[in-house]
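The values are calculated or read from the model by the stated rules, or taken from the named source; none is laboratory data. Remember, predicted model here, so these are calculated numbers, not experimental data. Positions of Cβ are backbone-derived with ideal geometry, glycine not excepted, and every protein chain shown enters the neighbour counts. The area values use the complete protein model at the heavy-atom level, side chains included, leaving out ligands, DNA and RNA. Shrake-Rupley method; radii C 1.70, N 1.55, O 1.52, S 1.80 Å.
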Amino acid sequence: MDFEEDDEQLYEHFRMEVDKGQEPVRIDKFLSEHQPHSSRNRIQKAADAGFIHVNDRPVKSNYKVRPGDIVTLMLDRPHYDTTIEPEDIPLDVVYEDDDLMVINKPAGLVVHPGCGNFSGTLVNAIAWHLKDLASYDPNDPEVGLVHRIDKNTSGLLVVAKTPDAKTSLGKQFFNKTTHRSYNALVWGNFVEDEGRIEGNIGRDPKDRLRMEVFPPDSEMGKPAVTHYKVMERYGYTTLVECVLETGRTHQIRAHMKHIGHPLFCDERYGGTEILRGERTASYKAYIQNCFKLCPRQVLHARTLGFVHPTTGRQMDFTSEWPDDMAALIDKWRKYIRHNEITS
């Protein structure tokens, strides 16, 4: 399943140097012979995800190894005991029943252990909240979070409390029958009121912590489609609603950057530069105050809808903007009331 995920770092799990007498052979075949506990299909998937490296560069599964090559398996989790322990961290539970719960995640809370965050995450908080539920094991992949959002993105997430619920909800996300929308403040004004962004998303080969957008017909990355609609215009910035057809890592952030509208205050994608507006000292001070007011990418998972796995009822949830985002939007509304902006 694809997730809009937390920022990722890769960790080495396996390393070997190819023998001098090795004949050229596909790397998936080579690794399946040297790692008997990993199937060739699983290795191919790892290569597709950019986890198989040769001489410190990711390769595809059809790469043919050569004598002297240094082959490494780089995964998005450390070679580390990642057992999830319950931690008493406050949770904003929007809805809960015997099968699932819907959570409103604050910005700044990492969703899952990894990337140097082995405690203090949302799943540790969930484990604490459900610690008296004997049937819920936070270390069992058959239960728990069905999807993810970035650390500095706020908003709605659904958690499955049973394997059946996880299976049902997982299928809905896979088949794109769920309803999800995000609100984002982006740099720049749009000519049109709505639009569609299509472009494959994969890791930036120059920066593994960023995602890059590639042509839809290329072999790079995975297909991704984002629909957007203008909600409010502030001249130099725009509030948009985004609906995802796919759920790739950093999808909205990468797609908006790709079309020239990085998310406001999104440092990783260039949104902390003053990209639109005046050159006056007062305007620069105004933008810096905006950055301080909401010091993160302005992205909120506002709505979430799915069919309940047991009752079959349609469940729809809406989350209000968090205080930092609401204050920032109010600041921009006041700004345009006092300034005539034409571009």
Quiz item: Residues of the stretch 230-343: accessible area per residue at 1.4 Å, in Å²?
Solution: 47 Å²
Quiz item: By how many degrees, between 0 and 90 and to the nearest 10, does the Cα long axis of helix 163-174 differ from the longest principal axis of the chain?
Solution: 70 degrees
Exercise. Please give the peptides 287-298, 240-251, 91-102 ranked by average Cβ packing (other Cβ atoms within 10 Å per residue), highest first, as a rough proxy for protection.
Key: 240-251, 287-298, 91-102
Self-check item: Folded to 0 to 90 degrees: helix 281-293 orientation relative to the chain principal axis, Cα
Solution: 60 degrees
Quiz prompt | Portion, in percent, of the accessible area of the chain that falls on carbon or sulfur, probe 1.4 Å | solution = 47 percent
Quiz item: Dipole of the stretch 79-231 (Lys/Arg Cβ +1, Asp/Glu Cβ -1, origin at the Cα centre): which of Pro86, Leu209, Thr177 lies farthest to the positive side?
Solution: Leu209
Quiz prompt | Per-peptide average of other Cβ atoms within 10 Å, ordering 17-24, 222-229, 62-69 highest first | solution = 222-229, 62-69, 17-24
Quiz item: Just one of (i) 19.0, 57; (ii) 21.4, 68; (iii) 22.0, 74 is Rg and Dmax of the Cα atoms in Å as worked out from the coordinates here. Which one is it?
Solution: (iii)
Quiz item: lysines near Lys171 by alpha-carbon distance under 17 Å, same-chain residues fewer than 8 away left out - which ones?
Solution: Lys161
Practice problem: Order the following by accessible area, largest value first: Ser154, Ser135. Probe radius 1.4 Å; ligands, DNA and RNA are ignored. | Solution: Ser135, Ser154
Quiz item: Relative to the first principal axis of the alpha-carbon coordinates of the chain, what is the inclination of helix 323-338, with its axis defined by its Cα atoms, in degrees from 0 to 90 and to the nearest 10?
Solution: 40 degrees
Quiz prompt | Computed helical MRE - 222 nm, the chain, DSSP H runs ≥ 4 contributing -39500 (n - 2.57), nearest 500 | solution = -6500 deg cm²/dmol
Quiz item: Assigning unit charges at the beta carbon (Lys, Arg +1; Asp, Glu -1) and nothing else, what dipole magnitude in debye, to the nearest 20, does the chain show about its Cα centre?
Solution: 1040 debye
Quiz prompt | Charge dipole of the chain about the Cα centre (unit charges at C-beta), most positive-ward option of Val191, Pro262, Leu304 | solution = Val191
Quiz item: Taking R0 as 45 Å, what's the FRET efficiency between Glu219 and Thr318 from their Cβ-Cβ distance, rounded to 0.05?
Solution: 0.70
